[in-house]
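Below: one structure, written as C-alpha cells.
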Amino acid sequence: MKRIAALALVILSLFSLIGCREHPNSGALGNGWEPVSKTELSFAHEFSIDEYEGGYKLVTINDGGRFLIVPEGMDAPKGIASDIAVLKRPVRNIYIAATAVMCLFDGLGRLDAIRLSGTKAEGWYIENARKAMESGSILYAGKYSQPDYELILKENCPLAIESGMIGHASDVKAQLEKLGVPVLIDRSSYETHPLGRTEWVKVYGAILGEEEKAEALFREQVALMSSVGGTNTGKTVAFFRISGTGYAVARRSGDYVSKMIALAGGEYAFKDLGGESAMATVNVEMETFFATARNSDIVIYNSTIGGEVANMDEFLALNPLMKELKAVQNSAVWCTRESMYQQTLNIGRMISELNEIMNASPEEDPDLVYFFRLH
C-alpha cells in the first residue's frame, strides 16, 4: 500500500504542472474582486475554478466560457464582466446534451438537477438516467443540433451543457444564449490524460455545491489507476471494430483509449495511426489491419457502436481472416460493454480492468464491468 500511495503522489505531481496552467481571464471578474483560492487540478487543463470570499466560484472553460456560481441565498456581485454567465444555486432543470456528463451527475447523486436530456431513454446505458427518463423526471428535449426550445424555456432551464459537437451547430448555441440559456461546452474529450476527463466532475461539483463528493470520486479513480501504474506486462493490444463497409476502425495513436492501454501496462498495436489528426478513430484497410494486429497478444473488440459481439462465433463471422489472429488462437479476445463511452467517471476502473485482462490466463474469466471475454 505504501508503494501504491507513493506512486500516486508521483503521478499527481507530474500532471499538476499541466493542470495548473493559467487560463485566459481566469480569476478576473472585472469588478476588482480577487480570488482567495483555486481548485487544485491533477490532470485536467481545459478548465479552472477560482473561489472568492463568500463562497462565490468562477468556472473558466478553455473555449472562453465563464460561469459565476452564486451561493444559495446570495446575490450576484455588481460590476462583473458581461461575458460571465451567472448560475445561482441551487442549479436545477439543466439540459444535458453531452452524453459524457450524465455519469458525473449520477456519481454525485444529483440527477435531480437535470430536467432535460439530449438523448432518449433507450440511448442511455446509465441505469439511473434511463429510469429517470422512463419515470418522466427527466424529459427528452431534442438532440444537441435540434433542441426543443419551447420545452427548454417552459422548464425554466438555467444551463445547457453541450459537447464539442455543438461546434457543428453554432446557430443552436447562439439561439440558446439569445433565449437567456447559458451554454457550457464540456471539453473533457480534449484532455490529454485519460483521468483529465474524470476530473471534470469537479466542474459539476462546483456548480451543484458537491465539491467534497467530487474530490472523493476523482481520488477513487486515481487510486485505481495508481494500483496498476508503472507495471509493464509486455502485452500488445489491438482495439478496433469492423465497420459496415468492411474497414477496421481503430482508435488513433495517442487517443485516450491507447493511453489507457499504456497506463494499464500494455502497448497499443497501432503505434503510428492517425498522425496529428483530431479524429478519434481511423479507418484501416483490412490488409493493413491484419498485418498489424495478427500477432497482437490481446484483441479487444469495440462494441460501443453497432452493438456487442456476443461470442467467438459472431466475432469470427466479421471476417474469415479473424481466425488467423494470434489472440484468437490463444483465447485472448475480449469485447467492450456498450456502456463504456458513457462512463467518464470510471476511467480509473477501466484502466484497472485492462490490466486484469493483460494478466489473465486463458483459463481465467474475471468478472469485469466494462469488458468480457469472448468464448
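A few points about this structure:
- Scanning region 248-280 for residues that are among the hydroxyl-bearing types (Ser, Thr, Tyr), over 18 Å from residue 187 (Cα atoms) and in contact (Cβ under 8 Å) with a residue 24 or more places away in the chain returns a single hit, 268.
- Within region 234-255, the residues that satisfy the criterion of being within 23 Å of residue 360 (Cβ to Cβ) and either touching a strand residue (DSSP E or B) at 6+ places or on another chain (Cβ under 6 Å) or not in a loop (DSSP other than H, G, I, E, B) (or both) are 235, 236, 237, 238, 239, 240, 241, 250, 251.
- Just one of the numbered conditions (1) modelled with pLDDT of 95 or more; (2) in a loop (DSSP other than H, G, I, E, B) is not true of residue 125: (1).
- Conditions (1) in contact with a helix residue (DSSP H, G or I) (Cβ under 6 Å, 6 or more places away or on another chain); (2) surrounded by fewer than 21 Cβ atoms within 10 Å (Cβ to Cβ): number failed by residue 266: (2)
- When we screen 362, 366 for residues that are within 21 Å of residue 295 (Cα to Cα), part of a loop (DSSP other than H, G, I, E, B) and more than 17 Å from the chain's Cα centre (by Cα), the only hit is 362.
- In region 340-351 there is no residue that is surrounded by fewer than 17 Cβ atoms within 10 Å (Cβ to Cβ) and over 19 Å from residue 307 (Cα atoms).
- Of all residues in region 83-110 being within 19 Å of the chain's Cα centre (by Cα) and part of a strand (DSSP E or B), the one that is nearest to residue 345 (Cα to Cα): 96
- Criterion violated by residue 195 - all others in (1) modelled with pLDDT of 95 or more; (2) part of a loop (DSSP other than H, G, I, E, B); (3) within 28 Å of residue 350 (Cα to Cα) satisfied: (2)
- Taking residues in region 173-189 that are touching a residue at least 60 places away in the same chain (Cβ under 8 Å) and assigned by TED's automatic domain parsing to the domain that holds residue 101, and partners anywhere that are buried (at least 17 other Cβ atoms within 10 Å of the Cβ) and of a type in the set (Phe, Trp, Tyr), the pairs with Cβ atoms closer than 6 Å and at least 6 places apart or on different chains are 188/200.
- Each residue in region 146-175 was checked for being over 24 Å from the mean Cα position of the chain (by Cα) and in a helix (DSSP H, G or I), and 9 of them qualify.
- The set of residues in region 305-339 that are crowded, with 18+ Cβ neighbours inside 10 Å, closer than 30 Å to residue 103 by Cβ and not aromatic (Phe, Trp, Tyr) comprises 309, 327, 332, 333, 335, 336.
The values are calculated or read from the model by the stated rules, or taken from the named source; none is laboratory data. Values in this document were obtained by computation on a predicted structure and should not be read as measured data. Glycine gets a Cβ as well: all are built from the backbone with ideal geometry, and neighbour counts include every protein chain shown.
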